[in-house]
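Quick notes on the structure that follows.
The values are calculated or read from the model by the stated rules, or taken from the named source; none is laboratory data. Just so you know, these numbers come straight off a predicted model, no measurement behind them. For neighbour counting, all protein chains shown are included, and Cβ atoms are generated from backbone atoms with ideal geometry for every residue, glycine included. These area figures cover heavy atoms from the full protein model, side chains too; ligands, DNA and RNA do not enter into them. Shrake-Rupley method; radii C 1.70, N 1.55, O 1.52, S 1.80 Å.
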Amino acid sequence: AFMAIFKTGSISNKCCSELVVLGKFCHSALVKRTLENPLFKDLNPATIIAKSIETWNNCLALIDSPSLSA
């Protein structure tokens with residue numbers, strides 16, 4: 001999940017399920033705290049937040065997909 005949001009990459013189905021289990025509040029808090037870290041000061045917060053929302057929505061759609069439970 002981290003790579004999909006803060007760098008480039010994709011998130012596996014297994015990580016998607018774990019992310020959704022953690023919940024949106026926890027996901028958002030993790031992203032917010034990471035953005036506060038000086039190591040990530042060069043990142044554009046708007047871009048990261050957009051990628052965070054996109055990752056969350058994609059995972060939610062994947063987990064809610066009937067084909068996953070087959």
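What the table below lists for this structure:
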item: Rounded accessible area per residue of the chain, 1.4 Å, Å²; result: 70
item: Surface share of carbon and sulfur [accessible, 1.4 angstrom probe, percent] for the chain; result: 64
item: Rounded tilt (10° steps) of 13-22 against the dominant C-alpha axis of the chain; result: 70
item: From the C-alpha gyration tensor of the chain, square roots of 5λ in Å; result: 24, 11, 9
item: In degrees, nearest ten, helix 45-64 long axis to first principal axis of the chain (Cα); result: 10
item: Cβ-isolated cysteines (cut-off 4.7 Å), the chain; result: 15, 26
item: Full-stretch length increase - residue 41, residue 61 - with 0.36 nm per residue and alpha-carbon distance subtracted; result: 4.1 nm
item: Potential extension, residue 53-residue 28 segment - 0.36 nm per residue separation minus Cα distance; result: 8.1 nm
